[in-house]
Amino acid sequence: MREDMFKVIVERPRSGRSRASKSKLRYDKCEERSRVSGHRLVMESGGYTKHLNENLAPLKRYLHKQLGRRWDDVFSEICAHLDTGSTVKMHVREHLEDFVLSKVRRDKDGTLWATGRWGAPEKLVESWTALYVDPEDGVVKETRKLCQNLGVPFRRSRWRYKYWGGPKKQLPLHKLSATTWHIQLKGIWYFIELSAVPLGQWGYCVSDEGVYETIVNGTWRDQKEWSLICKKQLSTKTLKALNLQNSYSCQEETYYG
């Protein structure tokens, strides 16, 4: 571990310092009361307090580079630079359990169980944490590879597949330029030309999927900056040259053009 790791990790200033309320009575918003307890002050302005804002990316990169090493050696190296003499250093050490599951055990059935930061045991294959310590040899290993060996998808991958739609679907369109396309509608291939580069609400270029949905749903008529100016079915000769083929049985899209 680099010697200045502590400075790199805590290089950010504490967040919320500009909104944190003053604890002295002369800054009290209630003019009628003569004193205010610490508990009441926290209740009234608990959402506007300062909190730590560490840059934990260097620590995460360091831990991922320790694959194959014994966790005892890695932890000893970390403790040499993040000792217990500083509250901030101790707080950073608490984040180790967010990146490495060091409390792992194997039950009688051979299933690996891990105890996370909050003390609740869970199956290792159900964990979000990317690294774990093998209870057999004490070596830092990757949770994703363990899931691959067991034939179970890693939880992060399952979350990405669920909430981001998994692998992108191959859309029947070919982009020729910023304003011209070959798009298949109801199984028929067409040449589509737009009046201008399609831009979204905030001035960004509309994605290929966005253009396809706009053409299929007919919502291009609602666009103010651009519109569809040409829609022409491709000839048999052009289809052959482009290695494309019409599918007259395709009825998936609903086109209102």
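Summary of computed values
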{"quantity": "Some residue of the stretch 200-210 being outside any strand (DSSP E or B) and at pLDDT 85 or above", "calculated": "no"}
{"quantity": "Leading residue by the ranking (nearest to the chain's Cα centre (by Cα)) among those in the stretch 141-155 that are closer than 14 Å to VAL104 by Cβ and open to solvent by 20 Å² or more (accessible area, probe 1.4 Å)", "calculated": "GLU142"}
{"quantity": "Filter pass, ARG61 being at pLDDT 85 or above and surrounded by 14 or more Cβ atoms within 10 Å (Cβ to Cβ)", "calculated": "no"}
{"quantity": "Count - residues of the stretch 175-191 that are among the hydrophobic types (A, V, I, L, M, F, W, C) and either free of Cβ contacts under 8 Å to residues at least 40 places away in the same chain or not in a strand (DSSP E or B) (or both)", "calculated": "4"}
{"quantity": "Qualifying residues in the stretch 64-87 (those that are charged (D, E, K, R) and open to solvent by less than 70 Å² (accessible area, probe 1.4 Å)) - the one modelled with the highest pLDDT", "calculated": "GLU77"}
{"quantity": "Residue tally, condition of a type in the set (S, T, N, Q) and closer than 14 Å to PRO172 by Cα, over the stretch 215-247", "calculated": "4"}
{"quantity": "Failed condition for GLY116, given (1) under 19 Å from ARG61 (Cβ atoms); (2) open to solvent by less than 30 Å² (accessible area, probe 1.4 Å)", "calculated": "(1)"}
{"quantity": "Neighbours by Cβ (under 6 Å, 6+ apart or cross-chain): first from the stretch 85-111, charged (D, E, K, R); second modelled with pLDDT under 85 and surrounded by 12 or more Cβ atoms within 10 Å (Cβ to Cβ)", "calculated": "LYS89/LEU82; ARG93/LEU82; GLU97/ARG117"}
{"quantity": "Residues being closer than 20 Å to GLN148 by Cβ and part of a loop (DSSP other than H, G, I, E, B) - total across the stretch 110-132", "calculated": "6"}
{"quantity": "Condition check for SER102: small (Gly, Ala, Ser) and touching a strand residue (DSSP E or B) at 6+ places or on another chain (Cβ under 6 Å)", "calculated": "yes"}
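Per-residue answers, yes or no, for (1) among the basic types (Lys, Arg); (2) surrounded by 13 or more Cβ atoms within 10 Å (Cβ to Cβ):
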position	(1), (2)
ARG93	yes, yes
SER102	no, yes
ASP107	no, no
THR111	no, no
TYR132	no, yes
VAL139	no, yes
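The values are calculated or read from the model by the stated rules, or taken from the named source; none is laboratory data. Given the structure is predicted, the values throughout are model-derived calculations rather than measurements. Quick reminder, even Gly has a Cβ in these numbers, built from the backbone with ideal geometry, and neighbours come from all protein chains shown. Please note that ligands, DNA and RNA were not included when accessible areas were found on the heavy atoms of the full protein model with its side chains. Shrake-Rupley method; radii C 1.70, N 1.55, O 1.52, S 1.80 Å.
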